[in-house]
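Before any comments, here is the structure.
The values are calculated or read from the model by the stated rules, or taken from the named source; none is laboratory data. On a predicted model such as this, the values are computed, not experimentally measured, just so you know. In this analysis, Cβ positions are derived from the backbone assuming ideal geometry, glycine residues included, and neighbour counts consider all displayed protein chains.
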Amino acid sequence: MLKDVPARQRVPLPKLTKANYYDTETDWPYMSVSLFKSFMKCEAATMATLNGNGLSDTNETPLLVGNWVHSAVESEAAHEEFKQEAGEKVLTKSGKLRAEFKQADLMIERLRSDAFFNWAWQGEHESIVTGELFGTEWKGKIDCLDVENGRFFDLKTTADPLKMIWSNRHGGRVLWVTAYGYLLQMSIYKHLLEQTYGKHFDAYIIAVSKSNHPSVRTIDLSREEGRFQIEDDYVKSHLPRILAIESGEIPPLMCNHCDWCADHQLGENTVTIDDLEIEANER
């Protein structure tokens, strides 16, 4: 039986800043899209991370590349600050910029030369928003927020704007924005913004491709209420279990696919061929 008040609502809500937004300490009182998606991948690994016992990301390059591009289009000051924080992580052993970040510079140049992007990318950058959704507190960070005109933009770097990916959840091949949970993200952000400002907001994803000739596609989500409702229903159906896990009412399950589970599986837990085939098909 779930308690009436989720555990995260019984603790004081800290003031969120750009400095502490990604800290684990703010993940306990606030749900976020990234935390929700992490729970959906592996409950046990996510709880280990929340408790300070998770695995460090062995391949942080994609995140660094994304932040390299994001900081550059935010401001020169933000980009210089990120360069200092990244340090040698973006350099080769000889001290030169790694190939991934040279390619990222091409993406930055492409965005800066795009007339629509320069018109759209106005307003407040990296804007933090909070609110109560589906029975608990959420946090979000908006790449570019235009409150006056009721719209917000999220910048995504992608290998291919037309990429289709198999999704077990959706039972087939879907566009990458759906497979990676970006529709879910934009629906949550839209709710938080409309709750905060008391007005309608339209959502857009600007996708720039990771290539030597980067393309820019703006995905208009202003008429996707049906798809957003599907994402909302998905969150509402799984959130009660996540809150119960966080509060210690039920134990988290291992996904048996991730690195954390590989390190913590018990060899005596025998499985059948059918069990393994089911696991293999769920990967």
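Close Cβ contacts (under 7 Å, 6 or more residues apart or on different chains) running from residues in the stretch 249-264 that are without any contact (Cβ under 8 Å) to a residue 60 or more places away in the chain and in a loop (DSSP other than H, G, I, E, B) to residues that are surrounded by fewer than 16 Cβ atoms within 10 Å (Cβ to Cβ) and not hydroxyl-bearing (Ser, Thr, Tyr) comprise Asn256/Gln265; Asn256/Glu279.
Looking across the stretch 72-85, just one residue is free of Cβ contacts under 8 Å to residues at least 12 places away in the same chain and either of a type in the set (S, T, N, Q) or in contact with a Lys or Arg (Cβ under 9 Å, 6 or more places away or on another chain) (or both), and that is Gln84.
Given the conditions (1) at pLDDT 95 or above; (2) surrounded by 11 or more Cβ atoms within 10 Å (Cβ to Cβ); (3) out of contact with any Gly (no Cβ under 7 Å at 6 or more places or on another chain), report the number of the one that Glu148 does not fulfil. Here Glu148 meets the rest and fails (2). Only residues that are crowded, with 21+ Cβ neighbours inside 10 Å and either more than 19 Å from Lys37 (Cβ to Cβ) or among the aromatic types (Phe, Trp, Tyr) (or both) were counted in the stretch 181-208, giving 6.
The helices (runs of 4 or more DSSP H) falling completely within the stretch 25-113 that include 1 or more residues that are within 19 Å of the chain's Cα centre (by Cα) and at pLDDT below 90 map to 61-74.
Of all residues in the stretch 115-161, those satisfying the criterion of being in contact with a His (Cβ under 9 Å, 6 or more places away or on another chain) and under 22 Å from Asp105 (Cβ atoms) are His125, Glu126, Asp143, Cys144, Leu155, Thr157. Pairs are defined by a Cβ separation below 7 Å, a sequence spacing of at least 6 or placement on different chains, a first member in the stretch 166-187 that is at pLDDT below 95, and a second member that is of a type outside the set (S, T, N, Q) and in a helix (DSSP H, G or I); the pairs so defined are Ser167/Ala179; Asn168/Glu282.
Here are Ile206, Ile165, Ile188, Ile128: which of them is outside any helix (DSSP H, G or I) and under 17 Å from Ser222 (Cα atoms)?
Ile206
On the given criteria, is Thr92 touching a Lys or Arg at 6+ places or on another chain (Cβ under 6 Å) and crowded, with 19+ Cβ neighbours inside 10 Å? When the stated conditions are applied, Thr92 does not pass them.
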